[in-house]
Amino acid sequence: MTVSPRGSARTEAIMRTALELGRETGYAKLSMEAVAARAGAGKHTLYRRWPSKGALLLDSLLHLHAPDLDYPDTGDVVADLRTQIHAAVDLLGNPPFGPLYRALIGEAQHDPRLAADLNERFVTPQTEKTVARLRTARERGELSPAFDLDLAMAVLSGPLYFRLLITQEPLTHAYVDRLLRALFDGMGA
């Protein structure tokens with residue numbers, strides 16, 4: 001099905017409205033009705049495209065911010081990871097993405113469909129990008145042949161999610177740099 005330019009503009013306007021309202025009211029008070037009213041769309045239009053506010057927010061966050069999370073490949077894996085993870089913590093640490101992403105993770109604990117979508121559309125693709133970048137570095141000899149790609153991914157993401165979701169300490173570039181030094185000093189070539 002081809003989406004017309006008008007349809008694409010309308011969809012983007014609805015997504016931007018969802019993020020604006022989410023930032024203003026928070027996830028708990030956000031409603032599909034409020035998004036429809038502000039975007040000048042019918043509530044049924046929203047429900048035809050998105051079965052829930054969680055699905056709408058996930059789409060909105062990913063559509064509008066996915067390019068921010070792509071990996072560079074400069075030939076220096078640590079620099080590339082630093083660049084990408086700095087971009088991720090900048091996104092996760094600031095509205096609207098950060099608070100809304102935390103809310104989506106919370107909602108996913110009670111909504112299996114949202115949990116599956118979040119995993120399929122965000123967590124798994126980001127994990128695959130990271131592991132692919134690490135694999136390329138290992139193949140080029142930047143990393144030891146014994147470098148455990150899956151463990152490295154867990155070591156990189158676990159502390160970030162711990163801060164984001166549990167302690168709610170700030171996600172900073174300095175913290176990312178400490179994490180990268182700890183990982184690569186211990187698992188480097």
In terms of the charge dipole of region 1-135, which places +1 on Lys and Arg and -1 on Asp and Glu at the beta carbon, the residue among Y27, L100, A88 farthest towards the positive end is Y27
Looking at the chain, which longest stretch skips every one of the trypsin sites (Lys or Arg not before Pro) that is in a DSSP loop with at most 16 other Cβ atoms within 10 Å, leaving the sites themselves out?
30-139
Exposure rank, largest accessible area first [H86, H44, H63; 1.4 Å]:
H44, H63, H86
For region 154-185 and region 62-130, what is the separation of their C-alpha centers, rounded to whole Å?
14 Å
With a 1.4 Å probe and all protein chains kept in place, how do F122, F162 rank by accessible area, largest first?
F162, F122
Fraction of accessible area attributable to carbon and sulfur, region 1-136 (%, probe 1.4 Å):
53 percent
Can you give me the long-range amide H partners of D76? Hydrogens built in the peptide plane at 1.01 Å from N, cutoff under 5 Å, separation of 5 or more residues or another chain.
none
Among region 22-61, those whose backbone N falls under 19 Å of a label point 7 Å along Cα→Cβ from R16 are 22-25, 34-42, 46, 56-61
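For the chain, return all DSSP H helices satisfying: extent of Cα atoms along own axis at least 24 Å; mean Kyte-Doolittle hydropathy at least -1.0. Could you put the intermediate results ahead of the total?
Numbers: long enough: 5-25 (30 Å, -0.69).
Sorted by number, the helices that extend far enough and score high enough are 5-25.
For the chain, what is the mean residue ellipticity at 222 nm derived from helices alone (per DSSP H run of n ≥ 4: -39500 (n - 2.57); sum divided by total residues; nearest 500 deg cm²/dmol)?
Rounded to the nearest 500, it is -21500 deg cm²/dmol.
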Cut-off under 5 Å, modelled amide H: who pairs with L143 long-range:
R138
Per residue accessible area in Å² of the chain, where ligands, DNA and RNA are left out and the probe is 1.4 Å
53 Å²
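The values are calculated or read from the model by the stated rules, or taken from the named source; none is laboratory data. It should be emphasised that the depicted structure is a prediction, and the values quoted were computed from it without experimental measurement. All Cβ positions, glycine included, derive from the backbone under ideal geometry; neighbour counts span all protein chains shown. Note: accessible area is taken over every heavy atom of the protein model, side chains too, but ligands, DNA and RNA are not part of it. Shrake-Rupley method; radii C 1.70, N 1.55, O 1.52, S 1.80 Å.
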